[in-house]
Amino acid sequence: MNRATVSLPALQRPTRVRYGVLGFACALSMITYLDRVCFATVAPYIEREFHLNKQQMGWIFTAFALAYALFEVPSGWMGDVFGPRRTLIRIVLWWSLFTALTGVIFPTPSLPWLAFAAMFLVRFLFGMGEAGAYPNIARSFHNWFPFEERGFAQGTVWMAGRFAGGMSSFAVLALMIHTMTPEGQPVVLWRHSFWLFGGLGVVWCAVFWWWFRDRPEQHPGVNAAELALIRGVKRDEKKDLAPLTLHSFTPEEKMRPPEGEGHANVPWLRLLGSANLWSLCLMYFCASYGWYFNITWLPKYLKSIYGMSRETHGFWTVSLLSGLPLLLGSLACLFGGLLTDAFIRRTGDRKWGRRLFGALGHGVCALCYFASLGASSPWLFVLAIALAAFWNDLTMGAAWASCIDIGRQYSGIVSGCMNTVGNLGGAAAGIATGLVLDHFEPHGWTINFLIFGSVYVAAMFLWLCFDATKPIVPADS
């Protein structure tokens, strides 16, 4: 029988359950950004209501980033050991609780430090919960996606998150209620936004628990052809022509996870001693340092430099300016993921398939930050920053797929390591940006943007030191 004469119905087509996994991951990514960018959107109102200065706001921004960084590796380890299903349920319920609690903190005029401390603590605990999201998404993709689809999957997840972040300003501002106090003073009600977004996380958990399974062979909707595709099982000519069933696999083929699995003892010394992993982590530190401006200080910058406020320039204009970097970046996440996978499929070169798009993206991003210093209007400035976000996010699919490439069965921990160091960069940026503004007026913003551009130059060179073809733990170990 000739392969060319076989009709398509004669061969079992792979099911697409893995794209359902991708859908849940995208929804989770959107919720994480709704919750975190919600705070940045209402930050000017919190600053005014709680009578906070720039350094105090910087510390509250940093509370999230610091906790997010510190708990990445423990959360990734939990996913590797207990599976992403149980781990994600726990962490999403945790952060949803503290999202809602953000809305129950009120000023304490007699003890002003108490409200500041409460807000810092709640944002820290919120960050502790969100820390587990992306490492456990990466861990689930290790089980559910073949190598040549991982860049696309990771890029799609980050596209969803960035898009939600860009749209959250519109959503939060639309939910705000402008009213008057009994004394006739204008006031903005913002707390119910956090309660609604916290409830979204609970709904996601309920549906996810019912549908998701840690491994494809545990899901009733997965057929043998999709399992073969995910596992990279090579069939001989005779088996290729026969309809596949799960009984077609040997026990070893059926249960073989991608690139090996099962680890009673994590090789911590080998992980922490990997120059390849440190290149990836330090690159992400630099990228996060520059990118965190978009979700922390951007609204403040537009108001202080260009006088842009929702009262004077309109709701939609300021929301668009604040959200454009994330919206444009969301397109780049998907585009970059497709590019890195397409390059590898066409050339077979895994090393440059990840490295090329990382170095290119961060190199052009640095140029955009330097160019923003010459902007003469808020629209030109936001255009430069949005282009910087686009080129930064072009690297996201390659960066997170690289964690799976070199981490393999430890991809949750490796992803956690990269995101830990990355968010330490975000935490450093939150503090350093405020300090530079306070101590180097009137040139504080210029100095900050020179720093942002410089760290992206460093990220570009760190990409050139990374090799996705060198896993931390070889497959036969």
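The table below gives the values:
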{"quantity": "Selection from region 133-152 of residues that are touching a Gly at 6+ places or on another chain (Cβ under 7 Å) and either in a loop (DSSP other than H, G, I, E, B) or buried (at least 24 other Cβ atoms within 10 Å of the Cβ) (or both)", "calculated": "Pro135, Asn136, Ala138, Arg139, Pro146, Gly151"}
{"quantity": "Residue among Phe293, Phe335 that is more than 30 Å from Val42 (Cα to Cα) and of a type in the set (A, V, I, L, M, F, W, C)", "calculated": "Phe335"}
{"quantity": "Residue among Met460, Met418 that alone is among the hydrophobic types (A, V, I, L, M, F, W, C), assigned to a helix (DSSP H, G or I) and more than 20 Å from Leu339 (Cα to Cα)", "calculated": "Met418"}
{"quantity": "Top-ranked residue in region 15-70 [being under 20 Å from Tyr292 (Cα atoms) and β-branched (Val, Ile, Thr); ranked as modelled with the highest pLDDT]", "calculated": "Ile31"}
{"quantity": "Residue identified as in contact with a strand residue (DSSP E or B) (Cβ under 9 Å, 6 or more places away or on another chain) and hydrophobic (A, V, I, L, M, F, W, C) among Met176, Met128, Met119, Met167", "calculated": "Met176"}
{"quantity": "Among (1) modelled with pLDDT of 90 or more; (2) part of a helix (DSSP H, G or I); (3) closer than 20 Å to Met283 by Cβ; (4) over 15 Å from the mean Cα position of the chain (by Cα) - the single one Tyr410 does not satisfy", "calculated": "(1)"}
{"quantity": "Extreme residue, nearest to the chain's Cα centre (by Cα), among residues of region 426-439 that are modelled with pLDDT of 85 or more and either outside any helix (DSSP H, G or I) or buried (at least 24 other Cβ atoms within 10 Å of the Cβ) (or both)", "calculated": "Ala429"}
{"quantity": "Odd one out for Gly151, checked against (1) in contact with a Leu (Cβ under 6 Å, 6 or more places away or on another chain); (2) over 25 Å from Thr99 (Cα atoms)", "calculated": "(1)"}
{"quantity": "Pair list, Cβ under 7 Å, 6 or more apart: region 434-460 residue in contact (Cβ under 8 Å) with a residue 12 or more places away in the chain, other residue outside any helix (DSSP H, G or I)", "calculated": "Thr446/Leu373; Phe449/Leu373"}
{"quantity": "Any hit, region 389-401, residues being crowded, with 18+ Cβ neighbours inside 10 Å, touching a residue at least 24 places away in the same chain (Cβ under 8 Å) and not in a helix (DSSP H, G or I)", "calculated": "yes"}
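The values are calculated or read from the model by the stated rules, or taken from the named source; none is laboratory data. These numbers were taken from a predicted model, which means no experiment stands behind them. FYI the Cβ positions are ideal-geometry reconstructions off the backbone, even for glycines, and counts take in every protein chain you see.
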